[in-house]
Structures are given as C-alpha cells and as structure tokens.
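To start, the structure itself, in structure tokens.
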Amino acid sequence: MVARFSAFAPALLAAHAREVAQGARQARLLEDKQRLERTVAAQDKRRSRAAHDLRTPLMVIRGYVDMMIKGTGGPLGAQAQRYLERIAKVAADQKDLIDRRLAPSVPGLDDLRPVLERAFAPVKGRGRAAPTLTLPEERTVPVRGARADWELLARTLAKGTAGAVAVDVHLGPALEAPHWLLRVQACPGAALTARNEAVLRQLVGRLGGTLAVAVEPRLDITLVLPGDDAFPVPAHH
C-alpha cells in the first residue's frame, strides 16, 4: 500500500500544481477583465464628453444662422442668404458626422461576405447552376447592424431568387461613401413574392439602407447599405 501511494505521489503533486496554476490563471483573467471594463467605461465617458463639447458650438452656430436666415437680424441679400444656407448645411453635416463617429458602439458584422456565401451556396439536388458571387477579394466588408438581421436579409434574397436559372450577386462600394452596393440579378424564373419584398424592406430600413426592386426585363434587386465608419469603404470605380 505504501509503495502504491509512493508511486502515485508524483502524479498527485503534479495535479495539485496544475490546479494551483489554473486558479492563478483564472485570477489573472478576472483582473484583466475588470481592468478592461474600467478602461471601456472611461473611454465611453471621454467619448460622450467629446461629443457634447463638439456639438455645443455647432448648435450655437446653427441657432444664429437659422435666425439670420429667417430675417431676425434684418434683411439679407441673395448672396448672403446663399452663404448662410451653405454654413447651415456644413454645420448639419458636421453634427451628423459627430453623431456617427462618437455614438455609443453598436454591435456590427465583421464581414458580410461569408454571410452571402452561405446564403447563396448551391443546394444539392437542385438542377440549376450555382449563383455567381462577385465579392471584394482584397478586404473584408464590415457593416453595422445585428448579425441576425444580416443573415435574414441574405437568406431572404436567396429565397427570392431560388427559382431562377441564373443568379448573379455583386457587392462593391456605392457611389456615396461610406456605403456598399449589393445587387442581385436573376433570370428567368425568379419571382420575389410580396411577403419576401416586405421582409426585405423592413430589414433594409432597420439597417439604415435603401432598396429598389425591378422585375423587367429580369428580377433586379439593388440595395445600398451603410458600412462601418471605423473601416472606410474604398472609392467607387
């Protein structure tokens, strides 16, 4: 018995050492987590303060410009009116930019491409050609919005073109930065049902994009989708 205990002793000691090391590692991870939470909270406070400090002078400028445009300070010439309207537009654009860049972080999708690839993957047993996907190869496509919404959007697009003999999916930069253009064309045999179109419009509206649908001479679905401001969309060519 003593001999057997002596034989197991090194294994027991090694197991005890591993347990102690694991406990120390868990303690370090907990400390790191708490430190990261404090850092994120401090960054949120600084972002909120910066957004307030940047918005305040813009709101003052817009207030005075609006009063001047309305004639509160007296009559204005046509040229002065144009200048003030331009200042008001620039101030509004700057406020929108501050709101987008310094708004609380919104969960997004790191890359839209795999979602489209899964949704339009060819189904075994279907006697039709695989959809043609033209996606950016040199970079990821990060977008804002919940993953579930993007996956449902991709599945609805695939379902709406399921009956087509040929389907072409193209994703690239839109003319207006920072947006992406997603275009799905299908012919012949595709028919986007009213229910699927209603789902698409609801999802696109929730994600902050626009949707256009044409049925002649073939089904053509065009979506303009907002990208993530933290990752600039390349210029459209």
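Which is closer than 16 Å to LEU223 by Cβ, surrounded by 17 or more Cβ atoms within 10 Å (Cβ to Cβ) and either in contact with a Lys or Arg (Cβ under 8 Å, 6 or more places away or on another chain) or modelled with pLDDT of 85 or more (or both), of LEU135, LEU182, LEU192? Being closer than 16 Å to LEU223 by Cβ, surrounded by 17 or more Cβ atoms within 10 Å (Cβ to Cβ) and either in contact with a Lys or Arg (Cβ under 8 Å, 6 or more places away or on another chain) or modelled with pLDDT of 85 or more (or both) holds for just one of LEU135, LEU182, LEU192, which is LEU182. When each of ALA27, ALA15, ALA21, ALA42 is tested for being within 30 Å of LEU97 (Cα to Cα) and part of a helix (DSSP H, G or I), the lone residue that passes is ALA42.
Taking the stretch 142-165 as the range and being open to solvent by 50 Å² or more (accessible area, probe 1.4 Å), touching a residue at least 12 places away in the same chain (Cβ under 8 Å) and not in a loop (DSSP other than H, G, I, E, B) as the test, the residues that pass are ARG144, ARG147, GLU151, LEU152, ARG155, LYS159.
Taking ALA198 as the residue in question, decide whether it is farther than 17 Å from ASP111 by Cβ and open to solvent by less than 30 Å² (accessible area, probe 1.4 Å). In short, no. Restricting attention to the stretch 78-88, the residues that are of a type outside the set (Ser, Thr, Tyr) and open to solvent by 60 Å² or more (accessible area, probe 1.4 Å) add up to 6.
Matching residues to (1) open to solvent by 50 Å² or more (accessible area, probe 1.4 Å); (2) part of a strand (DSSP E or B); (3) at pLDDT 90 or above; (4) in contact with a Cys (Cβ under 8 Å, 6 or more places away or on another chain):
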position: VAL65; (1), (2), (3), (4): no, no, yes, no
position: GLY73; (1), (2), (3), (4): yes, no, no, no
position: LEU76; (1), (2), (3), (4): yes, no, no, no
position: VAL90; (1), (2), (3), (4): yes, no, yes, no
position: ARG118; (1), (2), (3), (4): yes, no, yes, no
position: ARG128; (1), (2), (3), (4): yes, no, no, no
position: THR140; (1), (2), (3), (4): yes, no, no, no
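Of the listed requirements (1) free of Cβ contacts under 8 Å to residues at least 40 places away in the same chain; (2) closer than 18 Å to GLY145 by Cα, PRO178 misses just one: (1).
In this structure, is LEU58 touching a Gly at 6+ places or on another chain (Cβ under 9 Å) and closer than 30 Å to PRO226 by Cβ? Judged against the criteria, LEU58 is not a match. Scanning the stretch 206-221 for residues that are open to solvent by less than 70 Å² (accessible area, probe 1.4 Å) and within 19 Å of LEU175 (Cα to Cα) yields a total of 8.
Taking the numbered list (1) part of a loop (DSSP other than H, G, I, E, B); (2) at pLDDT below 90 in turn, ASP111 passes all entries but (2).
Condition check ((1) within 30 Å of TYR83 (Cα to Cα); (2) surrounded by 10 or more Cβ atoms within 10 Å (Cβ to Cβ); (3) in the same structural domain as ILE87 (by the TED database); (4) among the basic types (Lys, Arg)) across all residues:
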position: PRO10; (1), (2), (3), (4): no, no, yes, no
position: ALA21; (1), (2), (3), (4): no, yes, yes, no
position: GLN26; (1), (2), (3), (4): no, yes, yes, no
position: GLN34; (1), (2), (3), (4): no, yes, yes, no
position: ALA42; (1), (2), (3), (4): no, yes, yes, no
position: ARG49; (1), (2), (3), (4): no, yes, yes, yes
position: MET59; (1), (2), (3), (4): yes, yes, yes, no
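The values are calculated or read from the model by the stated rules, or taken from the named source; none is laboratory data. Not measured: the values here are computed from a predicted model. We place every Cβ from the backbone using ideal geometry, glycine too, and count neighbours over all the protein chains shown. Ligands, DNA and RNA are excluded from the accessible area calculation, which covers all protein heavy atoms including side chains. Shrake-Rupley method; radii C 1.70, N 1.55, O 1.52, S 1.80 Å.
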